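Peer 1: First the structure, which I've put down as structure tokens, then a few questions once you've had a look.
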Amino acid sequence: MATDPESTTSQALPADSAKAKPGLSDPERWVDWHGDYLFKYAMMRLRDPTQAEDAVQETFLAALKGGRAFAGRSAEKSWLVGILKNKICDHYRRASRETSFTDLEFYSDEESERFVAEGVVKGAWIHELGPQEWRHPGQSLDNERFWQTYRDCSGKLPKTIAAVFNLREVDDLDSKAICRMLNISESNLWVMLHRARMALRRCLETHWFGKGGERL
Amino acid sequence: MSWFRSLAGALSILSPTCRQATRLQSEARDRSLSFFEKLGLRLHLFLCKWCRRYGEQLKFLRSAAREWEQDESRQAPQGLPPEARERIKEKLKSSRE
């Protein structure tokens, strides 16, 4: 597939300034090779098939402009994922101009019943309801059924909560960058992240670790 | 009595409840905690196995979230719909011409 020995592989940002090199790699083949992956990725982040399709299309069009060749399918894939991530961020930026990204309603009191409500130990975990021991969490990562549970649990988070969680944990953007992108305050972001983690943790415990999923 | 109130305030930072400790453990992943917040959290974690677990599990969430994007098989089963695939190909073709 690599037709240009001089081209550097991977890490290349989709620099718009890059000279187009038509014919180096067949863009329609990109769609067959990477379309599914990019679409699934976009679905997880945007949760809307139309928006995900648009993001994928924009990604390929930007890639065509960038016009690079890669010495391998996986290098090409990472390059395309990089472009897609930018497109997803653009989408969040646009969305944040239309509606508020802050969601402080979600899970605001859900976890209360797990803490002692009154008395000297107020605010302590009620022991039976506190975090359970998760056995072999590392092994779960190799289990297909774990990922199904993970997707289900992540899918239960409201869109904006899932968006900030992924920007922070997957993309590793810092708080300030996320707040700038989504036009929200840092303290609101921290509350949202706290609730996202609480909800996701609890869901995985209920539907995977608590059910002995890790032993399957 | 104001010294009493500030002492009470300091003590409450130094001995957070589990509820506060879960929030602090989450926030510690997103901002730097103050000296007293850190100290209070450390003391709490030293004594509380539930909150220690909670912290470990937050770490796991991050590694799961990161692992997720590495491998196709971990993603949702449905791929790019065929109509969209054709449409995008057409679009690419026409924008190349």
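Every residue, every condition in (1) of a type outside the set (A, V, I, L, M, F, W, C); (2) part of a helix (DSSP H, G or I); (3) at pLDDT 95 or above, yes or no:
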position	(1), (2), (3)
A:Ser154	yes, yes, no
A:Phe165	no, yes, yes
A:Arg168	yes, yes, yes
A:Asp171	yes, no, no
A:Ala177	no, yes, yes
A:Leu189	no, yes, yes
A:Leu193	no, yes, yes
A:Leu200	no, yes, yes
A:Thr206	yes, yes, no
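Peer 1: So, in segment A:58-82, how many residues would count as being under 17 Å from the mean Cα position of the chain (by Cα) and either among the acidic types (Asp, Glu) or within 12 Å of chain B (Cβ to nearest Cβ) (or both)?
Peer 2: Selection size over segment A:58-82: 5.
Peer 1: With the requirement that a residue be more than 7 Å from chain B (Cβ to nearest Cβ) and surrounded by 20 or more Cβ atoms within 10 Å (Cβ to Cβ), what does segment A:45-57 give you?
Peer 2: A:Arg45, A:Leu46, A:Ala52, A:Ala55
Peer 1: Then there is this: Of the residues A:Lys77, A:Lys87, which is in a helix (DSSP H, G or I), modelled with pLDDT of 90 or more, outside the structural domain of A:Trp147 (by TED's automatic domain parsing) and among the charged types (D, E, K, R)?
Peer 2: Residue meeting the stated conditions: A:Lys87.
Peer 1: Could you list, in sequence order, all residues of segment A:33-44 that are facing chain B (nearest Cβ under 8 Å) and either closer than 21 Å to A:Gly67 by Cα or of a type outside the set (Phe, Trp, Tyr) (or both)?
Peer 2: Selection gives A:Gly35, A:Asp36, A:Tyr37, A:Leu38, A:Phe39, A:Lys40, A:Met43, A:Met44.
Peer 1: Can I ask one more? Got a sec? Which of A:Val170, A:Val164, A:Val191 is within 9 Å of chain B (Cβ to nearest Cβ), crowded, with 16+ Cβ neighbours inside 10 Å, in contact with a Leu (Cβ under 7 Å, 6 or more places away or on another chain) and under 28 Å from B:Ser32 (Cβ atoms)?
Peer 2: The match here is A:Val191.
Peer 1: For segment B:82-97, name all the residues that are within 7 Å of another protein chain (Cβ to nearest Cβ), of a type outside the set (D, E, K, R) and either exposed (fewer than 15 other Cβ atoms within 10 Å of the Cβ) or not in a helix (DSSP H, G or I) (or both).
Peer 2: If the condition is that a residue be within 7 Å of another protein chain (Cβ to nearest Cβ), of a type outside the set (D, E, K, R) and either exposed (fewer than 15 other Cβ atoms within 10 Å of the Cβ) or not in a helix (DSSP H, G or I) (or both), then B:Ser95 is the only one that fits.
The values are calculated or read from the model by the stated rules, or taken from the named source; none is laboratory data. Since the model is a prediction, treat every value here as computed from it, not as a measurement. Glycine also receives a Cβ, built like all others from the backbone with ideal geometry; neighbour counts cover every protein chain displayed.
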